[in-house]
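Accompanying notes for the structure given below.
The values are calculated or read from the model by the stated rules, or taken from the named source; none is laboratory data. Please read all numbers here as calculations on a predicted model, not as lab measurements. In this analysis, Cβ positions are derived from the backbone assuming ideal geometry, glycine residues included, and neighbour counts consider all displayed protein chains. Ligands, DNA and RNA are stripped out before the accessible areas are found, and what is left, the full protein with its side chains, is counted by its heavy atoms. Shrake-Rupley method; radii C 1.70, N 1.55, O 1.52, S 1.80 Å.
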Amino acid sequence: MGRFGLSLLRHISALPSSLSAHRATRTCCLHQRVSIGSLSSHSCQPRRTVSTAVNHHIQELSGPEQRLLDKLYDGLIGGQRASLAESITLVETRHSRKKELAQVLLQRVLAYRRQQESRNGGKPVAFRVGLSGPPGAGKSSFIEVVGKMLTGRGHKLAVLAVDPSSCTTGGSLMGDKTRMTELSRDMNAFIRPSPTSGTLGGVTRTTNEAIVLCEGAGYDIVLVETVGVGQSEFAVADMVDMFVLLIPPAGGDELQGIKRGIIERADLVVVTKSDGDLVVPARRIQAEYTSALKLLRRKSKSWNPKVVRASSHTNEGIPEVWAKMESYRDAMLASGELQGRRRAQQKVWMWSLIQESVLCHFQNHPSVGEALPRLEERVTRGVISPGLAADLLLKAFSSSSS
């Protein structure tokens, strides 16, 4: 969280307690008891209620809303792809009421997933893998080849492709689903391009919640693909069990920028397109990255990051890549680090959403909206510093709220 976000949170926490309580009833999400409903038909436990984070001022669900949630939930845990797609659309919406409905649905899915994990000895029932790399690294081809291999072995695979948003329509710009033609026709695979909507926080929220829904629908492997190498890759690394970096063999100097920032987050580096005339450059890149990884501080006691070569064209090295992923999962599960990583990620997720919501509330505040144009103009002319302008805006926000 940035300096401005921390300052904003401190100002809000310093507000009078009566005002804070009033604001909490208006803006915090969800505090009522919601019936699990049809969960009883999928469990030996009696029908019960769970305490969810549902705003106690939320309106009672109407008949059509209750029927919609029941339909989506029953279809989701029954493995229906249409219900999964509709549920992800619901969590991606910006409509305030539909966002509340999405949270109710998510709580029901989370309760179902906890039951599944308890039957699995407390271990996660799905394996989350993040894939990233510079443009042209062959991410879509790699996912298609690996995906077909996994579905052929009996796995159910979900692919969440985090796409840049179109400035015109707001939808996915690249449409990765169109580039995975064979995998998109596989009934044991589900591919969902998710637009970033122009904000990193939007990616974090919708991608995290889409992962939860995919796991509830019975997909035991979830791949999250991101485009390029930038800030969104760090966000995705904080929501997966394993982060895999794909790099082409003939990158040259343009790869220098990712060697420190992204590679230190990578649990596995895959040199793609290792076939034909590119075999020799691929071997050289593999040796360079192997040496670079030795200079980085270990982030896990149970796993040393590996560098492997693979070709989506010839399938050479693809089974070995998956074998490395399985070795990583087994080692991290045995040590308990994977479970610990997931718990830490939940806190990161929560604070990122708090920052996003607080900033949105701040920007929409009347006093801030009134003072903002004048202060922005003075900052651009160099009359006052950005730090002073931020302090004045925070003071206007807190004083008008007290």
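Here is a check on your reading of the model: is Val368 open to solvent by less than 30 Å² (accessible area, probe 1.4 Å), assigned to a helix (DSSP H, G or I), over 25 Å from Thr207 (Cα atoms) and of a type outside the set (D, E, K, R)? When the stated conditions are applied, Val368 passes them.
Are any of the residues in segment 71-88 aromatic (Phe, Trp, Tyr) and in contact with a Lys or Arg (Cβ under 7 Å, 6 or more places away or on another chain)? The answer is yes, given that some residue of segment 71-88 is aromatic (Phe, Trp, Tyr) and in contact with a Lys or Arg (Cβ under 7 Å, 6 or more places away or on another chain).
Is at least one residue of segment 372-380 at pLDDT below 90 and either in a helix (DSSP H, G or I) or not basic (Lys, Arg) (or both)? No, segment 372-380 has no match at all. Just one of the listed residues (Val348, Val308, Val280) is under 21 Å from Ile262 (Cα atoms) and part of a helix (DSSP H, G or I), and it is Val348. Considering (1) in the same structural domain as Arg67 (by the TED database); (2) modelled with pLDDT under 95; (3) of a type in the set (D, E, K, R), the lone condition that Lys139 does not fulfil carries the number (1). Residue-level analysis places Ser352 among those that are under 21 Å from the mean Cα position of the chain (by Cα) and surrounded by 17 or more Cβ atoms within 10 Å (Cβ to Cβ). Anything in segment 79-100 that is touching a residue at least 40 places away in the same chain (Cβ under 8 Å), buried (at least 18 other Cβ atoms within 10 Å of the Cβ) and not charged (D, E, K, R)? List them, or say none. Matches in segment 79-100: Ser83, Leu84, Ser87, Ile88, Val91. Quickly run through segment 318-335 and pick out the residues that are under 22 Å from the mean Cα position of the chain (by Cα), surrounded by 13 or more Cβ atoms within 10 Å (Cβ to Cβ) and not aromatic (Phe, Trp, Tyr). Once the filter is applied, which keeps residues that are under 22 Å from the mean Cα position of the chain (by Cα), surrounded by 13 or more Cβ atoms within 10 Å (Cβ to Cβ) and not aromatic (Phe, Trp, Tyr), segment 318-335 yields Met325, Arg329, Met332, Leu333.
Just one of the listed residues (Leu338, Leu293) is of a type in the set (A, V, I, L, M, F, W, C) and surrounded by fewer than 19 Cβ atoms within 10 Å (Cβ to Cβ), and it is Leu293.
Within segment 316-334, not a single residue is outside any helix (DSSP H, G or I) and touching a Phe, Trp or Tyr at 6+ places or on another chain (Cβ under 7 Å).
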